[in-house]
Amino acid sequence: MIECSKYKLSECCLSISDGDHLPPPKVDAGIPFITISDIDSSNRLNLDVKQFVPEEYYNNLKDIRKAQRNDILYSVVGSFGIPVIIKGNDKFAFQRHIAILRPDSTKVIPDYLFYIMKTYNFYMQADSVAIGAAQRTISLTALRNMTVELPSMDVQKKIATVLSRYDSLIENYQKQIKLLEEAAQRLYKEWFVNLRFPGHENTKIVDGVPEGWEKKKLGSIAPILTGKKDANYGTPDGNYPFFTCSQEPIKAPSYSFDAEAVLLAGNGDFNVKLYRGKFEAYQRTYVLIPSNADLLYVLYNSVAKNMVKLANGASGSTIKFLTKRMIENIDVLVPTNTILNEYNSLRRKIQQDLENIKSQLRLLTESRDRLLPKLLSGEIEV
């Protein structure tokens with residue numbers, strides 16, 4: 001067993017703060033404004049956002065609220081307990097639902113602290129101090145008092161180096177996934193938006209609908225279901241994906257659905273996912289299972305294409321949300337059976353490649369996450 005010393009986070013960090021508590025001014029272009037939905041459970045930060053703040057607002061923020069290289073962001077409200085380490089020099093502002101930790105590099109290697117904060121034990125510590133019912137919250141005081149076990153700096157560095165090699169492989173898989181997802185989007189856009197499908201030159205098009213095609217409402221293609229579980233149902237050691245409104249699913253101990261489905265976040269960033277198999281869903285996650293399974297990919301891309309329009313029309317004040325009626329009224333362009341079969345043949349190949357890479361990514365991620373406790377226990381020599 002490697003010898004470690006226990007530290008409060010406040011003792012091994014130079015500062016622990018959070019985002020501005022006042023609503024920021026918004027502009028059409030400027031400094032990206034990050035919300036908690038831009039932090040996913042794969043510990044990635046999405047900077048391709050739709051909200052921006054003025055440069056002047058950013059410049060007036062306290063330095064402890066301006067992310068620097070090797071700072072760690074940590075979600076503290078709702079989908080709490082997700083760390084992200086900053087490796088670039090991008091400027092961005094963020095909401096108060098996100099904490100920012102600046103590690104003291106004389107006491108802790110930032111990458112090592114990041115890996116510790118990703119562990120199941122640290123998550124359970126966060127879970128024990130989170131308060132509230134509808135949106136559980138970790139206060140800054142509670143976060144500062146949470147503890148970590150730190151070995152010598154030399155051991156920290158060696159462990160972080162080993163785990164970072166896994167992260168390099170994981171990042172490569174994530175890039176491959178992004179390229180395949182972009183290929184699927186281009187295929188849909190070319191055939192169903194630009195209407196440059198096979199044989200389009202000889203097809204009459206009236207009001208944007210090719211001859212033999214139909215424009216249908218989503219509600220006539222798939223029933224609009226929702227999950228029944230609240231966010232607290234998730235557990236780090238569950239066996240099934242649990243789709244909340246976050247970008248990435250967490251885990252659940254059981255499942256309520258076993259299907260090929262389109263999943264739509266009813267609030268937050270209204271992200272859309274495609275999944276086949278057994279899964280659980282949050283009560284604000286919409287589950288769309290087409291009556292005709294051949295329309296799965298068309299349904300998925302139709303929903304994704306309409307997200308900007310839906311978000312702009314979303315009702316609600318503090319937390320915007322999508323209603324069942326909004327979703328039912330999405331237009332879906334349904335092609336002839338011949339075109340649908342050709343499209344699905346190409347789309348299934350992309351989806352098969354996606355699922356294969358995601359499976360490899362999942363196994364690699366699980367291997368990395370199992371490695372840290374073995375390194376700390378001495379079961380595997382550093």
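Restricting attention to the range 174-191, does a residue exist that is buried (at least 18 other Cβ atoms within 10 Å of the Cβ) and among the basic types (Lys, Arg)?
Taking every residue of the range 174-191 in turn, none turns out to be buried (at least 18 other Cβ atoms within 10 Å of the Cβ) and among the basic types (Lys, Arg).
In the range 326-382, which residue that is surrounded by 13 or more Cβ atoms within 10 Å (Cβ to Cβ), among the β-branched types (Val, Ile, Thr) and not in a loop (DSSP other than H, G, I, E, B) is nearest to the chain's Cα centre (by Cα)?
Filtering first and then ranking leaves 365.
List the strands (runs of 3 or more DSSP E) inside the range 1-97, counting only whole elements, that have at least 3 residues being of a type outside the set (Val, Ile, Thr) and under 20 Å from the mean Cα position of the chain (by Cα). Give the steps one after another, and end with the answer.
Numbers: elements: 5-8, 13-18, 31-34, 72-75, 83-85.
In the range 1-97, the matching strands (runs of 3 or more DSSP E) lie at 72-75.
Find the residue count for the range 246-264, including only residues that are touching a residue at least 60 places away in the same chain (Cβ under 8 Å) and of a type in the set (Gly, Ala, Ser).
Filtering the range 246-264 for residues touching a residue at least 60 places away in the same chain (Cβ under 8 Å) gives 246-250, 264.
Now drop any that are not of a type in the set (Gly, Ala, Ser), which leaves 246.
Number of matching residues: 1.
Just the residues that are out of contact with any helix residue (DSSP H, G or I) (no Cβ under 9 Å at 6 or more places or on another chain) and either part of a loop (DSSP other than H, G, I, E, B) or surrounded by 18 or more Cβ atoms within 10 Å (Cβ to Cβ) (or both), please, taken from the range 268-283. Spell out the reasoning first.
In the first step, residues of the range 268-283 are kept if they are out of contact with any helix residue (DSSP H, G or I) (no Cβ under 9 Å at 6 or more places or on another chain); the result is 275, 277-279, 281.
Listed by number, the residues that qualify are 275, 279, 281.
Provide a single number: the residues in the range 197-248 that are over 24 Å from residue 295 (Cβ atoms) and among the acidic types (Asp, Glu).
Going through the range 197-248 one residue at a time, the tally reaches 4.
Go through the range 117-157 and count every residue that is in a strand (DSSP E or B) and among the aliphatic types (A, V, I, L, M). Spell out how you get there, then give the answer.
Just the residues of the range 117-157 that are in a strand (DSSP E or B), to begin with: 131, 137, 147-150.
Narrowing the set further to residues that are among the aliphatic types (A, V, I, L, M) leaves 131, 148, 150.
Residues that pass the stated criteria total 3.
Confirm whether residue 189 is outside the structural domain of residue 42 (by TED's automatic domain parsing) and assigned to a helix (DSSP H, G or I).
Values: outside the structural domain of residue 42 (by TED's automatic domain parsing): yes; assigned to a helix (DSSP H, G or I): yes.
The answer is yes for residue 189.
Please go through the range 86-110 and give me each residue that is crowded, with 21+ Cβ neighbours inside 10 Å and closer than 18 Å to residue 150 by Cα, ordered by number.
Of everything in the range 86-110, those that are crowded, with 21+ Cβ neighbours inside 10 Å and closer than 18 Å to residue 150 by Cα turn out to be 101, 103, 108, 109, 110.
The values are calculated or read from the model by the stated rules, or taken from the named source; none is laboratory data. Everything numeric here is computed off the predicted structure, so don't read it as measured data. FYI the Cβ positions are ideal-geometry reconstructions off the backbone, even for glycines, and counts take in every protein chain you see.
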